[in-house]
1. Alpha carbon centre of the range 44-74 versus the range 130-190: separation in Å?
2. For the range 117-167, rounded, prolate or oblate, judged on the Cα gyration tensor with a ≥ b ≥ c (square roots of eigenvalues), a/c < 1.5 rounded, else prolate if a/b > b/c?
3. List the residues, sorted by chain then number, that are 5 or more residues from residue 50 or on another chain and whose placed amide H is less than 5 Å from its amide H.
4. Go ahead and run the numbers for FRET between residue 108 and residue 144, Cβ-Cβ distance against an R0 of 51 Å, rounding to 0.05.
5. Putting +1 on Lys and Arg Cβ atoms and -1 on Asp and Glu Cβ atoms, find which of 254, 156, 226 reaches farthest to the positive end of the dipole of the range 132-261.
6. Let me confirm the definition first: pairs of Lys residues in the range 132-261, 8 or more apart or on different chains, C-alpha distance under 17 Å. How many are there?
7. Sorted by packing (mean other beta-carbon atoms within 10 Å per residue), highest first, where do 109-118, 14-23, 161-170 land?
8. Subtract the Cα-Cα distance of residue 221 and residue 84 from 0.36 nm times their separation in residues, and report this length gain in nm to one decimal.
Amino acid sequence: MKPTNALNFSTILAEAVNQPGSIMEAYSAFYNYSLGNQLMALFQCHHRGLQIGPLDTFKGWQVRGRFVKRGEKALTLCMPISVKRRDRSAASGELETEDVFTTAFVHKPRWFVLSQTEGEEFTLPAFPEWDAETALAALQITQAPFTSTDGNCQGYAKKREVAINPLAQLPHKTLFHELGHIELAHTVEADFTDDERTPKSLREVEAEAVALLCCEALNLEGAVFCRGYIQSWANGEPIPETSARKILGAADRILKAGIPKKDVMLN
């Protein structure tokens, strides 16, 4: 695996897709963090031989009564920062007087796993359960009756509506796939010109990658089928960095939408 400072999200996603069980391991240990950061932390722990466990900053562990051991090096995660910039007026070309803030993402080495600390006993938090109805409500997506006459169709999505074939082989996998289409904005691309639409093969790869991440994170059946589906549509091509970011973001929103808000902490 590449050094941490050379990692990008396409590399992280490829590692996760090719290592069965890694997504569930990352999700169960670091579910309070974004899915991209979960996987980034997991692969760093594997690379450095660190025991997987709860994650926090130096000060965060101090608040919990624990302290980072001498000589321990922090894990690097991706974090948002606000950047101040000034816009030029379209009319005059001059700088606007008011400051404008935008969000940028940077990699910072600020986190440590439990095994890198010592101090007061730490009780592992209860692992939250994912609920489909809770997720649909949080994502403002409705589930409609399945009306397709195509017996091979497992499900479909339109705008912010999904329909799952009651005879679907793996209903949960199909649901994740269709939710993926919605959260990846594929269902609104029908209003775009051909040049603005994501190619069908890439749309299917992206949606099925979302399904794979969700199935593995929740330890549900279907990951093997997801991998085969992705390979058939990808045709040997790697997933682009832009798509990888979209996939991780969509899967993260779906996973967090299905657990109680009190258990979700965005990082």
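Every number in this text was worked out from the coordinates using simple rules, so none of it is lab data. Note that the coordinates shown come from a computational prediction; the quantities given were computed from them, not determined experimentally. Ideal geometry is used to build each Cβ from the backbone, glycine not excepted, and the neighbour counts take in all protein chains shown.
1. First find each Cα centre; the distance between them is then 39 Å.
2. Details: a/c = 4.74, a/b = 3.09, b/c = 1.53.
Prolate, since a/c reaches 1.5 and a/b exceeds b/c.
3. Close amide H contacts, sequence-distant or interchain: none at all.
4. On the way: r = 43 Å, r/R0 = 0.85.
E(calc), rounded to 0.05, equals 0.70.
5. Of the options given, the answer is 254.
6. Details: 158/200; 159/200; 173/256; 200/246; 246/256.
Eligible lysine pairs with Cα atoms under 17 Å apart amount to 5.
7. On the way: 109-118: 19.3, 14-23: 17.4, 161-170: 15.6.
Final packing ranking: 109-118, 14-23, 161-170.
8. On the way: separation 137, 0.36 × 137 = 49.32 nm, distance 4.58 nm.
Length difference between fully extended and current span is 44.7 nm.
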